[in-house]
Amino acid sequence: MGFLSPAVVARTTPLAPVEVPMLPLAAMASQTAQDAPFHPEIRSRDSSQTPPPVVSGQQLSSINEAKSLVDLSALLIDEKTAQIGRSASSSPVPHLAESDTASVSTRASSFYYDDSEDSESTTSNRSTSAISKRPLPVRTLSPSPPPPLSSISKRPLPIAADTFTAAVPPRLPLQWEFSGLTIWIELEEFDCDLSRCIAYMSHKHGVELIPRSHMTAIYGMDHLDAEEARHRLRTRAREALPGGRWPKFRPPIGIVQDVAVAGNPGQVCSIAWAQLTLASGPDHEIALDALYDVFYGGSSSSSSSSEPELATRKKAERHRPWTPHNSFAYDNPEGTVLTTAGAFEAVAQHPTLLTEERDVAAISLWDTNGKMGDWRCLERITF
């Protein structure tokens, strides 16, 4: 929009000279007044000043007879430029700064965005070329460590406020009773994208918050007590891995939303979930076998021959090739609110989920006896 005066906005389409009467009072009628340059007087809005003189009918008549043509087309903005200005000012740029808080919470409810970079008052005055040549901000991604346990719901999510409505009421927590001790693989994150995706699903659909982003390596160990499992993770896991660390993972190869019911072929629990599916290679198979040797093999203080046999049997029984997957939502299977469309929408909010290779940031031991709300982290080693 082009501003013609402090109080009047003139706009015409198509652009053409506009007839505008000059208003220098009765002196305008004389030839001398017409030839002299006109300098408009700027008056204050203070009501205490003398109001402008009233123009009589006779004076108006003389003014109309002496009206001049003034071409205002140079002051107008054409329709195309105005449309570009409106488009540029209507797309807020999300603010990607993180919160440093590590408070424990069970709900994700903080959303914000920042559109201070572009406003209508500034973009409307830019020319078409200035808008098209404006450089876009470039931010270099760098890995970030996983957030503290159970703190992801307090991290502000970089999502426009109008992306979706306020948080829905929480659903019934996951009711399936899990068992045993479990080993998780925790991936590095970029701007906490994995954790924020979990928080997004919890806020959007009301599902219970997963305590930490993870991929399950070994589930349901019941042959070790917690203290022995912690000792083995601390003292043997790192040394057992080739090169002392887990191999890097390529970007995900799929997004899956599904429902499992215990008793169906290959299904050991009743749960609905959404996940990122990753690829496994020979190096990942070797690393997983090494973990099986650590947790199912003999202990350093045991001479029992049954433990190495257990490790051999468990490695033979595990699914090959391993299908690593990082779940970002769990729900009860009955009347689940999880859908394929909802899973794609959540991932679309965090594009780095599908574009970045990831190192393994940590391997952790969890007590997964009971419902998800009962899970506890017992030990963690980081890389």
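Tabulated values for the structure
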| quantity | calculated |
| --- | --- |
| Å² of accessible area per residue within the range 251-383, as computed with a 1.4 Å probe and no ligands counted | 45 |
| Ranked packing of 242-249, 175-182, most packed first, by mean Cβ within 10 Å | 175-182, 242-249 |
| Three-way shape call for the range 319-383 based on the alpha-carbon gyration tensor, with the a/c threshold at 1.5 | oblate |
| 14 Å beta-carbon shell around S327, net charge (K/R +1, D/E -1) | -3 |
| Amide H contacts of F328 (H built 1.01 Å from N, under 5 Å, at least 5 apart or other chain) | A274, Q275, L276 |
| Long-range amide H partners of E189 with built H, under 5 Å | S144 |
| Where the range 174-248 is the region considered: accessible area per residue in Å², 1.4 Å probe | 34 |
| Cβ-based net charge around V259, under 12 Å, with every Lys or Arg adding one and every Asp or Glu removing one | -3 |
| ³J(HN,Hα), Karplus 6.51/-1.76/1.60, whole Hz, each residue of the range 278-285, x for Gly, Pro | 10, 9, 10, x, x, 5, 6, 5 |
| Cβ crowding within 10 Å averaged over residues, with 261-270, 326-335 ranked highest first | 326-335, 261-270 |
| For the range 312-322, Karplus couplings with θ = phi - 60° (6.51, -1.76, 1.60), whole Hz, Gly/Pro x | 4, 5, 5, 5, 5, 7, 5, 5, 10, x, 4 |
| For F178, residues with placed amide H under 5 Å, excluding near neighbours | G370, K371 |
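The values are calculated or read from the model by the stated rules, or taken from the named source; none is laboratory data. As the structure is a prediction and not an experimental result, all values here were calculated from the model. Positions of Cβ are generated from backbone atoms using ideal geometry, with glycine treated the same way; all protein chains shown enter the neighbour counts. When the accessible area is computed, the model is the full protein with side chains, heavy atoms only, and any ligands, DNA or RNA have been set aside. Shrake-Rupley method; radii C 1.70, N 1.55, O 1.52, S 1.80 Å.
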